[in-house]
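> Have a look at this one.
The values are calculated or read from the model by the stated rules, or taken from the named source; none is laboratory data. None of these values were measured; they are calculated from a predicted model. Here the Cβ positions follow ideal geometry from the backbone for every residue, glycine too, while neighbour counts run over all protein chains shown. Heavy atoms of the whole protein, side chains included, go into the accessibility calculation; ligands, DNA and RNA do not. Shrake-Rupley method; radii C 1.70, N 1.55, O 1.52, S 1.80 Å.
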Amino acid sequence: MTKEPVAVVGIGQTKHTAARRDVSIAGLVREAAVRALDDAQLTWADIDAVVIGKAPDFFEGVMMPELYLADALGAVGKPMLRVHTAGSVGGSTALVASGLVASRVHRTVLTLAFEKQSESNAMWGLSLPIPFQQPLLAGAGGFFAPHVRAYMRRTGAPSGIGALVAYKDRRNALRNPYAHLHEHDLTLEKVRSSPMLWDPIRYSETCPSSDGACAMVLTDRAGAERAPYPPAWMHGGAMRSEPTLFAGKDCVSPRAGRDCAADVYRQAGITDPRREIDAVEMYVPFSWYEPMWLENLGFADEGEGWKLTESGVTEIDGELPVNPSGGVLSTNPIGASGMLRFAEAALQVRGRAGEHQVDGARKALGHAYGGGSQFFSMWVVADTPPAN
């Protein structure tokens, strides 16, 4: 039996900001869910199941919050699943939901991810001790900075590449009304002169702490035919993981990321991602990860990713637009950040991305990663159904 085609027919997100003190967690997730239902012109009664994801519960100190969010998400009496894969959870949550539709377990599924960082302290929550190492880290940037320095040594990338990425993504965010950071007076020089946090990562090259939620409605072929707007069709999706530390681990270009991308491209029939994908929503919490992931995902040969950034290929009007929404560098409700990448990719191929729409986008990649560069989730969506 062939898989049921999966379509994205509804997308909703909150206005992301440093602190949404006007709503509880329940109010935050319901806001995104209602917007996704409105986009699909569906009601709670049309939803067969809910799949929810977020980052570690100790961020907000509310254990298993899905148990008390069922009412806010219309899930009372319906199947509700919780997913957790660290920072990649938004993407893997969407993939779990897509699997329920593809396997014909459910016809229409609401999937949602969120984080309310204002009620937590994610930086110190992520400053966990690493066995056999001195406790010198402060936040995720302290963990990833050595990987960035290793990339620079390996490739000979000039020190200014990170600033170019940050300046691009923050300018893209000005086109996105839902983005957290809208820095109208930002200049490249301001990025370059911002304080150094974790050498070589500067303050303006790192992601913010955001409150926000993102939701999508996934449905089968019959549901897509009833949708009021063109759907985004899933052509491939995959998850991969590997240990945080092991002998021979490549922290610059993790094997799990390469394998995940290869699987997604195989499913989607993509042999040349650089030429066949029109837009990329990539999980870039620190600016240097754009060139690093360009290589890991097969868009550039090893050592060549930074050259694509430097030459303007990844600009919104470039050959391969990366993060036209502003990306994680502009909006980071950690649990939802991966789903935002998936949802923004879907918005592009639906032609509903507004001012940050990429002209002619027909096929897009959504990408998320988490943990110590160990959890990966990705999907490819297009404006037409898959061939089989």
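> Which whole-number percentage describes the relative contact order of the stretch 269-388, with Cα contacts under 8 Å and a sequence gap of 6 or more?
Numbers: 197 pairs, mean separation 34.3, N = 120.
Reported as a whole number, the value is 29 percent.
> Could you do me a favour and compute the accessible area per residue for the chain, 1.4 Å probe, result in Å²? List each step's numbers first, then the result.
On the way: 15030 Å² over 388 residues.
Accessible surface, normalised per residue, equals 39 Å².
> If you don't mind, another one. Hey, if you put +1 on the Cβ of every Lys and Arg and -1 on every Asp and Glu Cβ in the chain, which of Gly27, Ala179, Val76 ends up farthest toward the positive end of that dipole?
Farthest along the dipole direction, towards plus: Val76.
> Relative contact order for the chain: what is it in percent, counting Cα pairs under 8 Å that are at least 6 residues apart?
26 percent
> I'd like to verify something in the chain: which complete DSSP H helices, judged by Cα projection on the helix axis, reach 24 Å or more and average at least 0.5 on the Kyte-Doolittle scale?
Once both thresholds are applied, what remains is 334-350.
> Once you charge only the Cβ atoms, +1 for Lys and Arg and -1 for Asp and Glu, what is the size of the charge dipole of the stretch 254-301 about its Cα centre, to the nearest 20 debye?
Numbers: 5 positive and 9 negative charges, 27 e Å.
Charge dipole, the stretch 254-301, about its Cα centre: 120 debye, nearest 20.
> Also, I was wondering about something else. Pull up all non-local amide H partners of His235: gap of 5 or more, or a different chain, and H-to-H distance under 5 Å with H placed in the peptide plane.
Val380, Val381, Ala382
> What is the Cα coordinate range of the stretch 200-324 on the first, second and third principal axes, sorted by size from largest, in whole angstrom?
50, 33, 32
> While we're on this one: Where is the GNM fluctuation largest for the chain (alpha-carbon springs, 10 angstrom cutoff): Gly139, Gly237, Gly366?
Maximum among the listed residues: Gly139.
> Another question, then. Nearest 5 percent is fine: what portion of the DSSP beta bridges confined to the chain is antiparallel? Show your work: numbers first, answer last.
Values: 37 of 52 bridges.
Expressed as a percentage, antiparallel bridges in the chain total about 70.
> Rounded to a whole number, what is D in µm²/s for the stretch 163-217 from Stokes-Einstein with the Kirkwood radius over alpha-carbon pairs (37 °C, 0.692 mPa s)?
Values: Rh = 12.3 Å.
It comes out at roughly 266 µm²/s.
> Also, I was wondering about something else. Is the shape of the stretch 276-318 best called rounded, prolate or oblate, per the rule: a/c under 1.5 gives rounded, else a/b larger than b/c gives prolate, else oblate, with a ≥ b ≥ c the square roots of the Cα gyration tensor eigenvalues?
Numbers: a/c = 1.21, a/b = 1.12, b/c = 1.08.
Since a/c stays below 1.5, the shape of the stretch 276-318 is classed as rounded.
> Once you put a point 7 Å from the Cα of Val34 and another 7 Å from the Cα of Asp22, both along the Cβ direction, what distance in nm separates them?
So the two model labels end up 1.1 nm from each other.
> Write down the Å³ per residue value for the convex hull defined by the alpha carbon atoms of the stretch 241-293.
Once divided by residue count, the hull of the stretch 241-293 is 103 Å³.
> A further question on this structure: May I ask you to give the percent of accessible area on the chain that is carbon plus sulfur, with a probe radius of 1.4 Å?
On the way: 7980 of 15030 Å².
So the carbon and sulfur contribution to the accessible surface is 53 percent.
> Using 0.36 nm times the number of residues separating His182 and Met63, minus their current alpha carbon distance, what extension gain do you get?
Values: separation 119, 0.36 × 119 = 42.84 nm, distance 3.26 nm.
So the extension gain works out to 39.6 nm.
> Okay, next question. If I model a spin label at Trp44 and Glu355 as a point 7 Å from the Cα along the Cα→Cβ vector, what separation in nanometres do I get?
With each label placed 7 Å out from Cα toward Cβ, I get 3.5 nm.
> On to the next question. Roughly how many debye, to the nearest 20, is the charge dipole of the stretch 178-236 about its Cα centre, given +1 on each Lys and Arg Cβ, -1 on each Asp and Glu Cβ, and no other charges? Could the numbers behind the result be given before it?
Working: 5 positive and 8 negative charges, 33 e Å.
Rounded to the nearest 20 debye, it is 160 debye.
> Here's a follow-up. Can you give the relative contact order of the stretch 28-118 as a percent, counting alpha carbon pairs under 8 Å and 6+ residues apart? Before the final figure, lay out each step's value.
Numbers: 125 pairs, mean separation 36.8, N = 91.
The normalised contact order for the stretch 28-118 reaches 40 percent.
> Only four residue types carry charge here, +1 at the Cβ of Lys and Arg and -1 at the Cβ of Asp and Glu. Report the dipole size of the chain about the Cα centre in Debye, rounded to the nearest 20. All intermediate terms of the calculation are to be shown ahead of the outcome.
Details: 37 positive and 43 negative charges, 74 e Å.
Taking the Cα centre of the chain as origin, the dipole is about 360 debye.
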